[in-house]
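To start, the structure under review is shown below, and the notes come after it.
Read-outs throughout are calculated quantities, based only on the coordinates presented, and are distinct from any laboratory measurement. All values derive from a computational prediction rather than experimental measurement. Every residue, glycine as well, gets a Cβ built from its backbone with ideal geometry; the counts of neighbours run over all protein chains shown.
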């Protein structure tokens with residue numbers, strides 16, 4: 001049993017078909033492993049019944065936040081992370097792509113190694129990219145190469161499983177500006193530039209579903225976002241240090 005208060009954020013956009021199952025899978029798991037916890041559904045301007053379904057589930061540990069209209073996954077994660085009250089704050093995807101059994105090891109690694117952040121890494125797992133569609137795998141590797149080249153780190157930035165100490169989460173997410181899928185790169189660049197320590201947990205996809213990412217269109221946009229983000233983060237942190 002982990003005694004620190006834990007907040008788990010689930011960003012959601014038009015997830016009416018799975019959100020109830022996700023919540024009812026997570027709540028018993030969290031109750032078994034945490035003495036104090038909250039599950040936060042962060043609705044990204046869904047146009048279906050995602051928010052209504054989440055709000056209809058009566059549980060004191062469940063909270064719903066969000067915004068209208070739809071802005072992007074980055075905005076939803078940011079809303080949830082900034083609303084969280086836990087000593088440790090994590091987020092993962094609504095489809096529980098990496099399963100639920102990775103949540104406790106993620107936090108145990110954070111506690112054991114004393115880092116500020118622990119992120120999932122498909123790169124470090126021998127089966128991390130098993131059954132990935134070839135185009136998505138190619139796009140992921142190209143994106144990883146580009147981010148490594150521009151930012152100087154080789155993290156699996158786009159893995160949707162990350163945990164933070166509360167101070168690190170506040171400092172990083174209060175500075176985040178990216179609303180789209182490239183937000184993970186921005187937060188990791190901020191984390192490194194701010195001097196936070198990062199641990200990595202090998203993970204693999206256990207729940208495959210059709211991705212909402214359009215491989216060609218979104219990849220081109222994300223590549224442009226990476227260049228913009230690198231320039232913006234360096235400028236903003238430089239200005240902060242110059243004050």
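Legend: calculated FRET efficiency, residue 48 to residue 101, from the Cβ-Cβ distance at R0 = 30 Å, rounded to 0.05, equals 0.55. For the pair residue 113 and residue 193, a Förster radius of 22 Å applied to the C-beta separation gives a FRET efficiency near 0.60, rounded to the nearest 0.05.
Remark: relative contact order (region 6-242) = 23 percent; criterion is Cα-Cα distance under 8 angstrom and separation of 6 or more residues. Rounded to the nearest 5, the antiparallel percentage of DSSP beta bridges internal to region 6-242 is 25%.
Counting neighbouring beta carbons within 10 Å and listing from fewest to most, the residues 194, 106 come out as 194, 106.
Ranked by the mean number of other Cβ atoms within 10 Å of their residues, highest first, the peptides 199-206, 154-161 come out as 154-161, 199-206. Taking the chain as a Gaussian network of alpha-carbon nodes connected by springs under 10 Å, the highest mean-square fluctuation of the residues 178, 47, 147 belongs to 47.
For the peptides 21-28, 98-105, the ranking by packing is 98-105, 21-28, with the highest mean count of neighbouring Cβ atoms within 10 Å listed first. Between residue 16 and residue 241, the contour length at 0.36 nm per residue exceeds the Cα-Cα span by 76.6 nm. Residue separation of residue 127 and residue 27 scaled by 0.36 nm, minus their Cα-Cα distance, works out to 33.2 nm of gained length. The length gained on full extension between residue 231 and residue 174, counted as 0.36 nm times the residue separation minus their Cα-Cα distance, comes to 18.7 nm.
Its Kirkwood hydrodynamic radius, worked out from the mean inverse distance over all distinct Cα pairs, puts region 6-242 at 18.0 Å.
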